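A short worksheet on the structure shown next.
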Amino acid sequence: MVKETEPANETMNEAEHDITATTDITAGSMSVDNQQEDWSQLMNQIAVTLTAKEYVENYWKQKTRPDGRLFSQTRATTVVSVGDADADVGDNDDDLARRKNENSNPEVLGSALVTVGETRILSTVTFTVGQSTNKAGDVAVTLSFPCGQDSPKSAPIESYIQRLLLETIPLEQLSLQHYADDSTVNFKSSLSNNRQLSSKQQQRSAVVNLAFMAIRLQVSLQVVHNDGNLWDAAVLASVAALRRTILPALEWNSDSQTFCLLDKSDLVPKTQLQLPILPVSLTLGIYYQKEEDDADAAAAVKHNKLNWMTDPTRLEEESGWLTSCLTVVIDANSSSNDCNLVSLEYSGQQPLTVESDLLLALHMAAARAKEIKTLLLVETKPMAKTSAK
Amino acid sequence: MDRSDGRSASSLRPLSCELSTLRDANGSAVWKSGGTTVLASCHGPTAPRQPQALADHTSTSDALVQVLLPSSFRHISYEWEVFLVNVLTSCIRLESCPQHSIIQIVLQIPSNDGSVLAACVHASVSALMDASVELNYLPVAISCVINTPTETNNSDKQKEFCLDPTLVEEEQEKSGSLTMVVVGAEEKCTQMGAIHTSGIRATVQDIMKCWSMAQQAASAVTTFWRLALTHKHKQHAQTLFAGVINS
């Protein structure tokens, strides 16, 4: 009988062992579940931090931005421009040498490096000579990115800035019609005296009409670093370079039937490019903050609060929250009481209330225009750096 | 202001809209505003033809709107394409379209007599309605020109504001044009859906004046759309089969 109980005890022990083993397995599975839950929570936290949309929204809900700015605050802006438009510079040997060293390329009329926050754009102004249909000059703009990045975005910006410059720069100053008035007699006399013109020269002399010759300014914008708001930086870079642009001193060579660039070391009268209108651009993104307290969707729409994100960074632009964008260009040379709008571009998913939303944006753009004008006036000497916030 | 066609400053030119003009498109429309004619065809929502279309798309899975303008407007087509894409994207109910699909609008401009961008918006919306694409609202585009008196003229002469300008009025010296999109024209509360300017030298008061004029004129366009769609449905109802069923 004792022998019979031993198997029972063994069975009991085995059962206890089984029970113990089961408990261990359960405990193990419970620990694994806890680990999985902790891991998923950790991944969610990482995802929230790394996802631009949630990352940016967390800051905006606290009425601040990832870089610490206020909603209506722009980034620090610096302008460094190089050109020959130094009216205060004399013509002694030191000044001539410095001027020559600063801009050693005679075909570059002016250049500027603009920094808006971390966005940097380098602009250079060159020129070509050709025939125009309306006896006035022309302006062409090209925007390039490093290593061909974001190239599809360049076309709308190029088109916009080119149109803006064509509307604001008096193109009559780029005409070379005065050469026709001065050299027409010499041009004709050279033809009559020299009967041994080559066929190409004869063809060229028949085609070239000095009255329609004009200068085309080529503004080349190179994005050094893109951290958002390329529109404002590109406009400022173009304007800063054009402000320091001296029109080329040309001479008509009747023998070669071409225009020749006079050496800058010659004391020729300098003609600065006139910019009666100083366009200053401000771009604002629209962020609609939905009120979560309203259960009714229609009521929630009515209570959506519009926030203007001035001068958005690349992180904010790519977050997906800025579904609408407004660009205002104001003439900084206009009086403060009657500021002149040069351009107003808005298209997006959220409509605006003109009486409140648009007026607020226009006031912010006027303040920005004053700030940029002060910055450009302070920046008088080459390689001088100033900043504005 | 005395206009060449005898209109007042706040009146629009005669409108004309013909729907379903193209058989191969899901929707099409010929929009005429005075001497300006725009032909729009709507294809979609369809699957994207090229994988690149998906790569260029944003990270969202919403449908994508594409607008193609004629090459004759190449000098300004990039800006107009972005403008039209944004306006149409905001008015189309994208959540009703299949994910990652594409709605393509192809525009042709046989005749240009001013206010072309506004006519492009109206033609595109008409083509979308003909294609039975669901819309959140009807965007009404109104063009306005601001004529600034020259220095040789009388200095007391104020600026002149004219709606729906012709090509001659747009190309006048010292004149700037605006194209404003009015949202909610059929309701009392109207908002600005988009704005595009060209060559303006305007103050804030000038913009408000133009907006006020555009708001008043926008209801005429929505009324015209209602008449055009009603006429189209009546024509479809008067078919041979409808006559057989009724008999």
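Points worth noting:
- Probe 1.4 Å, protein heavy atoms only - accessible area per residue of region A:215-255 in square angstrom: 28 Å²
- When B and A come together, around 2500 square angstrom of accessible surface is lost from both chains combined, probe 1.4 Å.
- Relative to its residue count, region B:85-133 spans a Cα convex hull of 78 Å³ per residue.
- Of A:153/B:209; A:135/B:32; A:135/B:209; A:61/A:153; A:270/A:373; A:135/A:373, pairs whose Cα-Cα distance is over 28 Å: A:153/B:209; A:135/B:32; A:135/B:209; A:61/A:153; A:135/A:373
- Magnitude of the charge dipole, region B:69-140, Cβ model with Lys/Arg +1 and Asp/Glu -1, debye to 20: 60 debye
- Each residue of region B:231-236 was assigned a 3J(HN,Hα) from its phi angle through the Karplus curve 6.51 cos²θ - 1.76 cosθ + 1.60 (θ = phi - 60°); the sequence is 5, 5, 5, 5, 5, 5 Hz, with glycine and proline shown as x.
- Per-residue average of Cβ from other chains inside 10 Å of B:195-205: 6
- Residues of region B:70-98 that lose at least 30 Å² of accessible area (1.4 Å probe, protein heavy atoms only) when the other protein chains are present, relative to their chain alone, are B:78, B:79, B:86, B:90.
The values are calculated or read from the model by the stated rules, or taken from the named source; none is laboratory data. Because the structure is a prediction, the values reported are computed rather than measured. All Cβ positions, even for glycine, are placed from backbone atoms using ideal geometry, and neighbour counts span all protein chains on display. Ligands, DNA and RNA are stripped out before the accessible areas are found, and what is left, the full protein with its side chains, is counted by its heavy atoms. Shrake-Rupley method; radii C 1.70, N 1.55, O 1.52, S 1.80 Å.
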